[in-house]
C-alpha cells in the first residue's frame, strides 16, 4: 500500500504522555519543614541529656530551643487568628505547653510543640507538592511548534504565540502544540491524557486534536482553534486548582468544635485562677490550680482519642498496598455514599489484548495460522494494536515469520510480505472497501459484530482476499466485578462509570461488571460536572481514576483514589488515596476499615470525655493534687491510645474484607479475561 502523504513516515514509537513532568519543591525549601526539623533535633538532644541524668541547666537549653523553633509558626498562626477575633487550637496548645513548663512539665510541653510543628510541616509539604504537579501539567504541551507561513515555509515559534487560525505542522512522534482541527494529513494520536482512551485514535481531515497529545504516525497540518490559555490542558489545570480551593479539606471531628472548646478552656482557666485569687487565695496556689485545670482539661486526650484509630487504619491499609495520605482522608473515606469509576486503567488494565480470532470460512487458515500471519506483518510496527497481536501469538507459542517490504499507512494499517503472501492488517472501514472479493461482506459482518460488543475489529487480508478478523479489547482487572458489587453493597447504590472512551466499549464493560449508570465520551470538565451534580444532590462522592484527565474529578470529589502503577503524576498528587499495587478490591476494604476507625474514634471520645469530666469536677469541687491530675490525664491518653492501636492487627483488615460478595461464574469468566465469544 502506498503512503497517502509524502510526509508520512514509518510509525514512531508511541510513548504515552500519561504523566506530567516532575517539578518537586525541595523538602527544606519550606520554612515549616526547617522549623520542624530544628525543633525535633533540639527536643531529641534535650531528651537524651534529660534521660542521661544531666543537670537541669544542660537540658533546659535544648528544650527552650525546641519551644522557640517549633512554636514559632503555630504561635504566629494563632496570633493572626486572634487578631481576626478567632481562637484556634494552635494558640491553645502553645499556651498549654508554656503552662506545662511553668509548673515543671518542661518535657511534656516540648513534645507537644514538636508534634504540632511536624504536623504543620507535613501539611505544608503536601500542599506544595500538589501545586508542583499541577504546574508541571502545563509542560505536557510542547514549548514550541512548527508554524507554516502562507508561502508554505516553516518557522519555529513558542506555543503561547500561536493565534487562532494559524496552521502548524505536527510530525510523527511530536506532541501537538495547540487545540485545533486537522486541515490535512492523517495520523494516529494518543490522547489518553485528555480522554483516557486506551488506544491511539485515527485522525484525518476535519477531526479535532488537543494540545499535549502525542502524534504517533503520519504528519498532520492542524489549524489552531484555541489560544494556549484556553486549551483543554490549561482548563484541566484551572479545574484542579479551582476544585482544590473550593473543596477545602474536611476537618477531623474534634477540629470541628475546636473554636468553642478553645474559647471555653481559656475562659475557664482564667476563672479558675481569678476567682480563688479574688477570695484571698495565695497567688501560687491559684496559679497551680489553674495550670492543673488547663492540663486535665486540655484536648490532648481527645486529640489522641481521634488520631490512633485513624493512624492505625492508615498503617494497616499501607501494609496491604493502599496509601491513605492523612488522618483526615481516612476519616472521610468512611462517609462516602456514591462511587464514580474511570474505565481505562482503573476497571481495566489499560493494555489492549486479542480476545477474538475469527478465520473466515474458505480462507483455509486455522486460528493459529491467522494469528501468526497477522503477527508477522505487525511485528515491525510499534502501534499498541500491533503489540497486542504479536503478544497474543507469542502467548500461544506460535512461530512468527519474517516480514518483507513492510509499509504503514496512518489510520489504515500495515502491509508486508509474509511467506510469499502479501498480508494487510488494519481497520475494516479502510481495507474492506478496497477488495472486490465476496468474502468482504462476511468479514464486514464479523467486524460489525465484534465492534457492537465493544471490541476493536482488525481485519486481515491475504493476497487481497479477507482471511479473518481479530477482536482486540482492553481487559478487565481480575477483581473489577467483585469490587463493583462490594462498593454497591457498602454505599447502597451501584457505582457510576465516567469515561472518555466510546459509548459502545463503555456499555459493554459496564454490563460485564454490573454498572448501569454509564457516562461515556466525557472530557475532563464533563467528569467534574458529573461529580458536582451528585454532590449538589447531597451525595459524598468517591472518584477512582488514574489519568491526567481524571485529576479534576479527583480534586472535586469528596475523596479521590488513584491507581498507583498506571497513574499519572498529577492523579497521584491530586488523589487522597493511592492504590499502590493496582489491586482494585482493596478500595472497598479500606472504606470498611475507615468505618471501623470511625467507630473506635467515637468509643475513644467517650472514654476521654469521662476522664476529663471527672478530673475537672475534682479540681473545681475539691483539691486535685497535681500528680494525680497528671496521672489521670496521662492514663486516659494511654487507654485511648491502646484502644486505637487495635486496628493495627491483621484481623482488622480481615474483618474489613468480610462481606465482600463472592464471584459469580460470569464474573470469574470476565475477570479472567475470557471474554465470551459473540
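The values are calculated or read from the model by the stated rules, or taken from the named source; none is laboratory data. Predicted, not measured: the structure shown is a model, and the values here were computed from it. FYI the Cβ positions are ideal-geometry reconstructions off the backbone, even for glycines, and counts take in every protein chain you see.
Taking residue 623 as meeting all but one of (1) in contact with a helix residue (DSSP H, G or I) (Cβ under 7 Å, 6 or more places away or on another chain); (2) at pLDDT 70 or above; (3) assigned to a loop (DSSP other than H, G, I, E, B), write down the number of the exception.
In the conditions (1) in contact with a helix residue (DSSP H, G or I) (Cβ under 7 Å, 6 or more places away or on another chain); (2) at pLDDT 70 or above; (3) assigned to a loop (DSSP other than H, G, I, E, B), residue 623 misses (1) alone.
Go through (1) at pLDDT below 75; (2) more than 36 Å from the chain's Cα centre (by Cα) one by one and return the number of the condition residue 61 breaks.
Exception for residue 61: condition (1).
Among what's in the range 166-185 and is assigned to a loop (DSSP other than H, G, I, E, B) and within 20 Å of residue 154 (Cβ to Cβ), pick the residue that is modelled with the lowest pLDDT.
173
Within the range 501-517, can one find any residue that is at pLDDT below 90, closer than 21 Å to residue 211 by Cβ and surrounded by 23 or more Cβ atoms within 10 Å (Cβ to Cβ)?
Within the range 501-517 (the criterion being at pLDDT below 90, closer than 21 Å to residue 211 by Cβ and surrounded by 23 or more Cβ atoms within 10 Å (Cβ to Cβ)), the answer is yes, since at least one residue qualifies.
Give 606, 601, 638 a once-over and let me know the one that is modelled with pLDDT of 75 or more, under 30 Å from residue 294 (Cα atoms) and surrounded by fewer than 16 Cβ atoms within 10 Å (Cβ to Cβ).
Every option except 606 fails the conditions.
Tell me yes or no: at least one residue of the range 320-332 is at pLDDT 90 or above, closer than 30 Å to residue 521 by Cα and buried (at least 18 other Cβ atoms within 10 Å of the Cβ).
Looking through the range 320-332, none of the residues is at pLDDT 90 or above, closer than 30 Å to residue 521 by Cα and buried (at least 18 other Cβ atoms within 10 Å of the Cβ).
Please list, ordered by residue number, the strands (runs of 3 or more DSSP E) wholly in the range 391-477 having 3 or more residues that are crowded, with 24+ Cβ neighbours inside 10 Å.
Counting at least 3 such residues, we get 413-418, 421-426, 456-462, 465-476.
Do you know which residues across the range 522-546 are part of a loop (DSSP other than H, G, I, E, B) and either closer than 25 Å to residue 492 by Cβ or touching a helix residue (DSSP H, G or I) at 6+ places or on another chain (Cβ under 6 Å) (or both)?
Result: 522, 537, 538, 539, 540, 546.
Consider the range 128-150. How many of its residues are out of contact with any helix residue (DSSP H, G or I) (no Cβ under 9 Å at 6 or more places or on another chain) and modelled with pLDDT under 85?
Looking only at that region, the number is 1.
Is it the case that residue 491 is assigned by TED's automatic domain parsing to the domain that holds residue 318, modelled with pLDDT of 85 or more and at negative phi?
It is true that residue 491 is assigned by TED's automatic domain parsing to the domain that holds residue 318, modelled with pLDDT of 85 or more and at negative phi.
Considering every residue within the range 410-419, establish whether at least one is more than 26 Å from residue 189 (Cα to Cα), in the same structural domain as residue 463 (by TED's automatic domain parsing) and touching a helix residue (DSSP H, G or I) at 6+ places or on another chain (Cβ under 8 Å).
yes
Looking at 287, 277, 283, can you tell me which residue is at pLDDT 70 or above, surrounded by 13 or more Cβ atoms within 10 Å (Cβ to Cβ) and more than 20 Å from residue 628 (Cβ to Cβ)?
The conditions single out 277.
Of everything in the range 489-509, what is without any contact (Cβ under 8 Å) to a residue 40 or more places away in the chain and either outside any helix (DSSP H, G or I) or closer than 23 Å to residue 655 by Cα (or both)? Give them in sequence order.
Selection gives 494 alone.
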